[in-house]
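S.K.: Here you go, one structure.
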Amino acid sequence: MGWAAVSLADSIDDLYRRAVLVPGEIDDHGLAAWLDEVAFGGRIDKAAARALRKAARNAARLARYWTERDPAGLPDWRNGVDEVLGASGWRPQLDLATAALEAEPSPEAFQEVKRRFRAVHFAEWMEGVSFEEWYER
């Protein structure tokens, strides 16, 4: 899966951003189309498909919440995700980034997992450890 998984995580970020800032764009039909598009018509593994389905459910929940509220007061759209879903809302992206690191270990994938891990767990992952040190373990 490799870097495709990181690309999928970025697609989820974009979906969440739209669900917070323009929730009227998010409906069942649109989410089904988004899933089909980002899942390459079903040509992804089961774990990635599971993460994408969870993200679509999260986006629907975000859109329902932000339809009734004005996100203009948020410092950043990510705060709108945190307000509704908490840290668990970021889990699908972490799962995809972790899959990318496992499939194709690279310094970029390693940094992506570090970034995504912090959003879910409010703690550093492999703090002070370089990709090379991690990879040699």
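The values are calculated or read from the model by the stated rules, or taken from the named source; none is laboratory data. Values in this document were obtained by computation on a predicted structure and should not be read as measured data. Note: ideal-geometry Cβ built from the backbone for every residue, glycine included; neighbour counts use all protein chains shown.
S.K.: Conditions first: (1) touching a Pro at 6+ places or on another chain (Cβ under 7 Å); (2) of a type in the set (Gly, Ala, Ser); (3) surrounded by fewer than 19 Cβ atoms within 10 Å (Cβ to Cβ). Gly80 passes all but one, so which condition is the exception?
M.R.: Answer for Gly80: the failing condition is (3).
S.K.: Same structure again: Among the listed residues Glu68, Glu127, Glu133, which satisfies the condition of being touching a Lys or Arg at 6+ places or on another chain (Cβ under 9 Å) and exposed (fewer than 13 other Cβ atoms within 10 Å of the Cβ)?
M.R.: Step by step, each of Glu68, Glu127, Glu133 is checked, and only Glu127 is touching a Lys or Arg at 6+ places or on another chain (Cβ under 9 Å) and exposed (fewer than 13 other Cβ atoms within 10 Å of the Cβ).
S.K.: Hey, Ala19 hits all of (1) over 15 Å from Val81 (Cα atoms); (2) in contact (Cβ under 8 Å) with a residue 40 or more places away in the chain but one; which does it fall short on?
M.R.: Here Ala19 meets the rest and fails (1).
S.K.: Name the single residue that is modelled with the lowest pLDDT among those in the stretch 1-33 being buried (at least 16 other Cβ atoms within 10 Å of the Cβ) and either of a type in the set (Val, Ile, Thr) or over 14 Å from the mean Cα position of the chain (by Cα) (or both).
M.R.: Per the stated criteria, the residue is Met1.
S.K.: Quick check on Arg50: is it buried (at least 17 other Cβ atoms within 10 Å of the Cβ), closer than 22 Å to Glu112 by Cβ and of a type in the set (Lys, Arg)?
M.R.: no
S.K.: Same structure, new question: Could you tell me how many of the residues in the stretch 95-107 are part of a helix (DSSP H, G or I) and in contact (Cβ under 8 Å) with a residue 60 or more places away in the chain?
M.R.: Going through the stretch 95-107 one residue at a time, the tally reaches 5.
S.K.: In the stretch 38-48, is there at least one residue being more than 22 Å from Ala109 (Cα to Cα), without any contact (Cβ under 8 Å) to a residue 24 or more places away in the chain and out of contact with any His (no Cβ under 6 Å at 6 or more places or on another chain)?
M.R.: So far as the stretch 38-48 goes, yes, one or more of its residues are more than 22 Å from Ala109 (Cα to Cα), without any contact (Cβ under 8 Å) to a residue 24 or more places away in the chain and out of contact with any His (no Cβ under 6 Å at 6 or more places or on another chain).
S.K.: Which one is surrounded by the fewest Cβ atoms within 10 Å (Cβ to Cβ) among residues in the stretch 108-124 that are of a type in the set (Phe, Trp, Tyr) and in a helix (DSSP H, G or I)?
M.R.: Phe117
S.K.: Mind listing whichever residues of the stretch 100-120 are within 17 Å of Ala51 (Cα to Cα) and hydrophobic (A, V, I, L, M, F, W, C)?
M.R.: Ala100, Leu101, Ala103, Val113, Phe117, Ala119, Val120, listed by residue number.
S.K.: Mind listing whichever residues of the stretch 75-125 are more than 28 Å from Arg137 (Cβ to Cβ) and among the β-branched types (Val, Ile, Thr)?
M.R.: Val81, Val84
S.K.: Restricting to the stretch 85-94, and then to whatever is touching a residue at least 24 places away in the same chain (Cβ under 8 Å) and surrounded by fewer than 22 Cβ atoms within 10 Å (Cβ to Cβ), can you tell me which residue is nearest to the chain's Cα centre (by Cα)?
M.R.: Arg91
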